[in-house]
Every structure is written in C-alpha cells, then in structure tokens.
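The values are calculated or read from the model by the stated rules, or taken from the named source; none is laboratory data. All figures in this text were calculated on a predicted structure; none of them were measured in a lab. Virtual Cβ from ideal backbone geometry, glycine too; neighbours counted across all protein chains shown. For the accessible areas, the whole protein counts, side chains as well, though only heavy atoms, and no ligand, DNA or RNA atoms are used. Shrake-Rupley method; radii C 1.70, N 1.55, O 1.52, S 1.80 Å.
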Amino acid sequence: MHAFYLILSWSLAAIVLILILLIFVSSIRNGITPMPTSRPVRRMVMREIDRLPEGSEIVEAGSGFGTLAVKLARRFPLCRVTGVENSLVPLWGSRLLAAANRLPKSRLVFRRGDLFEYPYADVDLIVCYLHPAAMRRLGPILRERAKSGTRVVSVFFAFDDWEPASVAVCSDLYRTKVYVYHVGRQHPLDLKV
C-alpha cells in the first residue's frame, strides 16, 4: 500500500511539474503569464458593455483561464462567446470552467489559436486583457479585419494610437482602467496622412 501512495505522489508531482513547464513556455512565447480577471474588473467590463443585441458575436482575444469569457456568456445568454487562447493549460482550465458552469458550446466555446490570426470579420464585441506589445500588434489587425462599429473593450492596457470612446477606472487595488473603443471611427493618427 505504501508503494501505491509513493507512485501516486510522484505521478501527481510529475503532472504538476509538466503543467507548470507548459505555462512557463507559453508565458515566454506570449510575453506574459495568463492573468485571471478579478471580480471588480469583470463587473466593470460588464457595466461598460451594458447591452448587446441578441445573436451578437463576442470574442475574448487571449482568454486565459476563461473567467471573463464565462462571465460574458452568463451575462449575455442570447449571444455567442468565443475564447481564443494559445496556451494549453489555461485553455484546458477554461474548458473545465465552462463545463462546471454548464454553459453549452452553442453559447460558449474555447478555441486553441493565435489571437493575431483570428478573422474578427463577424465579431460585434472584442474583449482583451493583454500586454502593451500585444496591444500594439493587435490594433492594426482589428482595423483591417473587424467590421466598422465593432466595440473593443480592453482591460488595463490601451491601444497606443486609438482614441477611446470611454475609460472607466475600477475600484480594485490597482485602479485598473477599462478602455472602450469602436472600430472604424476616425482617430487623430489616422488623419495625419
């Protein structure tokens, strides 16, 4: 019996080590570790979004462990939410979270993929919690691929050359800012030709 517990302990330790290594490798590749969205920030994001028409397509670009995408799916039950994540461990965690919340795949799906390769053409709302380098890279992609009028809600980091429609400040420890943008609006840097 002692040998069984010893094998079980070593097996669990090996699994945890593998998971940590997978997160570490993905973090190096992505330039940031997966960061769960805190409750006050999720509340602020929902408040900034307010309402969405039935059937709206929502994408969380870089969905991490899925806490924000799950909240979006629960808050907007008549919309479809897609979480796009390239890191395996957070992706598995987000899928487990969706299953634990009993959210059907018709309302919430998590896909492994590169947020910079996603098409965005039919998306009504894009939500992201990225880092400055990713925001600089994503801005031109959204201007090119997203349809005019698509809302973009960014947690903590702003687009360098976009003028936000609004900026809200959370009451959390970090005074996190939530930026709301609209694709296709004239921006000051667009006018300098």
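Considering only protein heavy atoms, what per residue accessible area in square angstrom results for region 42-134 with a 1.4 angstrom probe?
So region 42-134 comes to 46 Å² accessible per residue, rounded to a whole number.
I'd like the per residue volume of the convex hull spanned by the Cα atoms of region 58-129, given in cubic angstrom.
74 Å³
Quick one: which of 133-140, 92-99, 151-158 comes out on top by average Cβ neighbours within 10 Å, and what's the full order, highest first?
Taking the mean over residues of other Cβ atoms within 10 Å, the ranking is 151-158, 92-99, 133-140.
How big is the C-alpha Rg of region 70-193 next to the rule-of-thumb value 2.2 N^0.38 Å, as a ratio?
It is 1.12.
Suppose a student asked you for the relative contact order of region 40-193, using Cα pairs under 8 Å spaced at least 6 residues apart; what percent would you report?
22 percent
Mind jotting down the three principal axis lengths of region 91-150 based on Cα atoms? Whole angstrom, largest first.
Result for region 91-150: principal-axis Cα extents of 36, 24, 15 Å.
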